[in-house]
Amino acid sequence: MSVFMFPGQGSQKKGMGGELFARFPGEAAVASRIVGYSMEALCQADTEGKLDNTRYTQPALFTVNALHYLAMQEEGVSKPRYFIGHSLGEYNALHAAGAIDFATGVELTMLRGCLMSEARKGGMAAVLGIGEQDIRAGLREAQLDRVYVANLNAPTQTVISGETAQLHVALQWLADRFGAACVELNVSGAFHSPLMEEARVEFGKRLATVAFRDPTTPVIANIGARPYAADGVRACLEQQLTAPVRWTDTIRYLLDRGETEFIEVGPGRVLTQLLERIRRSAHV
């Protein structure tokens, strides 16, 4: 058995999807109808440079991830034991597990992308070379109460979110105090932090109208690194906007259960590379 992993924002690239749009014209048409523009043109040509804009990235990546999974199904690849997805990719995991249909996934990720793009408060940065405990200790020492741990991607690869001024102080502090390498990310807001509260509230209103089904295959939730409860999809997706992505804990949970085969379903190898870092740390 295996684990299928769906990537999130950051894995998008011009040309993604390739021949999948021609191979699955029905799904391509549904996605284009919902978003109001040609999804294939955005992913293949991106003539206006919109693919890295959050409001366009999220429905585009959901669509391409889903087409990759459809191709695997058509080719007879066996269903995995678990589905997981990084941030946005969790919507693909839930779609693959039968909790939402394709159209609902496109619609929700379009709205999610719009709300997150409009919540222009602060920014994000990657912190490399130190662990979560040192980061949290550094933020406390510097008395930065508006900077938060956002993505725990690997033992020494973390993303932080926060108000712009405090974020800049945090990056300098962590570099000077712990020797961390810090890189600001080109995003429109402080995702996966309390600064997304307004977006969470608005998104929650839409989620309340969705009739989620119980996943037919276990999906490990980002916010707790444990399988979704039967009735927990709506609450987890809402909380995900303001809570950290616990990716390292998610992978460790599966490794502890004897899972050895992890397959990335979508463009790129971002999650595969993170997986190898987490695996190496487990053997140190």
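Here are a few things to note about the model shown:
- Exposure proxy shown here: for Ile220, Ile263, the number of other Cβ atoms within 10 Å sets the order, fewest to most, as Ile263, Ile220.
- Within-15-Å neighbourhood charge of Ser32 [Cβ basis; K, R +1; D, E -1]: -2
- Taking Lys and Arg as +1 and Asp and Glu as -1, the other residues whose beta-carbon sits under 11 Å from that of Arg226 total 0.
- Under-5 Å amide H pairs with Ala221, H placed in peptide plane, nonlocal only: Arg226, Tyr228
- Sorted by Cβ neighbour density within 10 Å, fewest at the top, the residues Asp52, Asp231: Asp231, Asp52
- By the count of neighbouring beta-carbon atoms within 10 Å, fewest first, His168, His68, His192 end up ordered His168, His68, His192.
- Kirkwood Rh, Cα atoms: Rg over Rh of the chain: 0.96
- For Ala190, the residues 5 or more places off, or on other chains, whose built amide H falls under 5 Å of its own are Lys121, Gly123.
- DSSP bridge analysis restricted to the chain gives an antiparallel fraction near 65%, rounded to the nearest 5.
- Rounded to the nearest Hz, the phi-derived 3J(HN,Hα) couplings of the range 53-66 under the Karplus curve 6.51 cos²θ - 1.76 cosθ + 1.60 (θ = phi - 60°) are 8, 3, 5, 9, 4, 5, x, 5, 5, 4, 4, 5, 4, 5, where x marks glycine and proline.
- For the range 122-185: rounded, prolate or oblate by the Cα gyration tensor [a/c cutoff 1.5]: rounded
We did not get these values from a lab; they are worked out from the coordinates using the rules stated. Computed from a predicted model, the values in this text were never measured in an experiment. As a convention, Cβ positions derive from the backbone with ideal geometry for all residues, glycine included, and neighbour counts pool all protein chains shown.
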